[in-house]
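Read the structure below first, then the notes.
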Amino acid sequence: MPEPAAQLSAPSPLAVEDLHFAFEPGRWVLQGISAALRPGMVSALIGPNAAGKTTLFRLMLGHLQPTRGRVSLEGRLLDRLSPVQRAARLSYVPQRGGTSFAFTVRQMVRMGRHALGPNPRAVEQALGDCDLADLTDRIYAHLSVGQQQRVLLARALAQAHGPHGRRGAAMLLDEPVSAMDPLHVHHTMNLLREQAARGLAVLIVLHDLNLAARYADDVWVLSQGRLVAAGPWSAALEPALLEEVYGVRFERLSPHDHDRPLFYVRPVDKLSGQRRRAQPIS
């Protein structure tokens, strides 16, 4: 997909530089992570379980402090921004959003405006965009997990309408479609591409490599706490690299009616417990 010149020269909405993190001294969870989101682009973060994806998100949101390195939001150190300043520019969709209170769907989506002030139009638009118009008065906790994921996405979309008509800079989504049916999976991925086309930088954790291949502009590949690829999907999604990272064989297929590939996984008889260490990018 061609990239407008304005996008190529725009500063990164959210970037990490030489990021290291350990919960315990000497036991690194992340090491030497350097990467930047591009405005107007959808980036996919992929990698095996326990590669460090959620920890990286928590650092990029300011929920954890780096052991070493830095996180910057539009060129400013994240830890020097107030919670309201962060909320105005950075939104988040968690894997799960449990609540023990009987909030309705509309009330949950309105919470996205808590730090920014009311914006009924943004709330109603988000509800419609996420196919929730018929569920607005339902109790959130009574919904299916897939429906709850759509509510969490709507909450982040409402938040992305910043104050004074200014849109947010970036949105992070941690496995937001894992429980959705196929219709809503692809509706959501197209919706995120639409948000990116309006200038938002999107980073989404995915386990489905075919979704990453179909919808992402860039792909970050995380393996054992290190970033082993970060760049255009066509360069990052190489079967040889993916085999090293995941420990299974991949076959890259080319559908005749689409310009993006599909990946077929060659099943294994049993877990070997062995994975080759992919080399981090320098």
Please go through the stretch 165-203 and give me each residue that is assigned to a helix (DSSP H, G or I) and on the phi > 0 side of the Ramachandran plot, ordered by number.
GLY165
Report yes if some residue within the stretch 191-203 is farther than 21 Å from TYR264 by Cα, modelled with pLDDT under 95 and not basic (Lys, Arg); otherwise report no.
yes
Which pairs have Cβ atoms under 9 Å, sit 6 or more apart or on different chains, and link a residue in the stretch 181-194 that is in contact (Cβ under 8 Å) with a residue 24 or more places away in the chain and over 24 Å from PRO39 (Cβ atoms) to one that is open to solvent by 50 Å² or more (accessible area, probe 1.4 Å) and of a type outside the set (S, T, N, Q)?
HIS184/ASP131; VAL185/ASP208
Would it be correct to say that LEU64 is outside any loop (DSSP other than H, G, I, E, B) and touching a residue at least 24 places away in the same chain (Cβ under 8 Å)?
no
Could you tell me whether any residue of the stretch 124-144 is in contact with a Leu (Cβ under 8 Å, 6 or more places away or on another chain), surrounded by fewer than 18 Cβ atoms within 10 Å (Cβ to Cβ), without any contact (Cβ under 8 Å) to a residue 40 or more places away in the chain and not in a loop (DSSP other than H, G, I, E, B)?
yes
Every residue in the stretch 12-34 that is modelled with pLDDT of 95 or more, under 18 Å from ALA196 (Cα atoms) and either out of contact with any helix residue (DSSP H, G or I) (no Cβ under 7 Å at 6 or more places or on another chain) or not in a strand (DSSP E or B) (or both), please.
PRO13, ALA15
The stretch 262-280 - residue that is under 13 Å from GLU244 (Cβ atoms) and at pLDDT 65 or above and, of those, least open to solvent (accessible area, probe 1.4 Å)
ALA278
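The values are calculated or read from the model by the stated rules, or taken from the named source; none is laboratory data. Quick caveat: nothing in here was measured; it's all calculated off a predicted structure. Glycine also receives a Cβ, built like all others from the backbone with ideal geometry; neighbour counts cover every protein chain displayed. Side chains included, ligands, DNA and RNA excluded: accessible areas come from the protein's heavy atoms. Shrake-Rupley method; radii C 1.70, N 1.55, O 1.52, S 1.80 Å.
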